[in-house]
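To keep things clear, I will list the structure first and then write my remarks on it.
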Amino acid sequence: MDKKLNTIRTRPRFKLETDLSKEDFELNLKTELQKNTEIQGNINKEVASIWVKTAHNEFWKPYLSLRAEKEDGKTIIRGTFGPSAAVWTFFMFLYFIFSIIFMVFITIWFVTKQINSQDFPWAIYLSIFALVLLLLTFLATKIGQRKAKTEMEKLKNFAENSILK
């Protein structure tokens, strides 16, 4: 089993190997989910999505998506952590917008430098500001991951336990 959780990514991932079939893994996951009162989820043949029950939803409430794949006679379970779909979409929108703003204004600044023009001296400041916003967005994701670390470990342990049963 791969015990290491990849924390560099915005959506940390892990991979588990088992001799169970995909169907047995699905059945074990459903059985464990019925027994566990702390974790909820949706499980179908292709993907399982599980999360920790809480009284209130934080902006980074971790969800674990599990996908079972057959590879070389073994079943590989790939787990990906992430927030709810709405939060994930919002953060990707922020990354996209701030990146576009950066590229537009750094291009304007670079072109005005190349043609020795003084028309847009403020473009470099807007591009730096966009980079700062990108950094703040990235830091917000890392802070959210740190706050959700215990729930992420519970979800990962739940996935590992469903293989062992």
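Descriptive notes on the structure:
- Across the chain, the relative contact order, built from alpha-carbon pairs under 8 Å that are at least six residues apart, equals 24 percent.
- When the square roots of the Cα gyration tensor eigenvalues are ordered a ≥ b ≥ c, the ratio a/c for segment 11-111 is 1.5 or more and a/b does not exceed b/c, which makes its shape oblate.
- Spacing of the two label points (7 Å from each Cα toward its C-beta) at Phe90 and Gln34, in nm: 3.6 nm
- Candidates Phe81, Phe105, Phe14, ranked by Gaussian network fluctuation over the chain, Cα under 10 Å, top entry: Phe105
- Val47 versus Ser99: modelled label distance in nm, points set 7 Å from Cα along the beta carbon direction: 2.0 nm
- Convex hull per residue volume in Å³, alpha carbons only, for segment 103-165: 83 Å³
- Solvent-accessible surface of the chain, averaged per residue with a 1.4 angstrom probe and all protein chains in place: 62 square angstrom.
- Listed by number, the DSSP H helices of the chain that run 30 Å or longer by alpha-carbon position along their axis and have mean Kyte hydropathy of at least 0.0 are 85-114, 123-147.
- Annotation note: chymotrypsin sites (Phe, Trp or Tyr not before Pro) in segment 122-157 located in DSSP loop regions with a Cβ neighbour count of at most 16 within 10 Å are Trp122.
- Summing charges over neighbours of Lys154, with a neighbour being any other residue whose Cβ is under 13 Å away from its Cβ, gives -1 when K and R count +1 and D and E count -1.
The values are calculated or read from the model by the stated rules, or taken from the named source; none is laboratory data. All values derive from a computational prediction rather than experimental measurement. Cβ: placed from backbone, ideal geometry, glycine included. Neighbour counts: every protein chain shown. Side chains included, ligands, DNA and RNA excluded: accessible areas come from the protein's heavy atoms. Shrake-Rupley method; radii C 1.70, N 1.55, O 1.52, S 1.80 Å.
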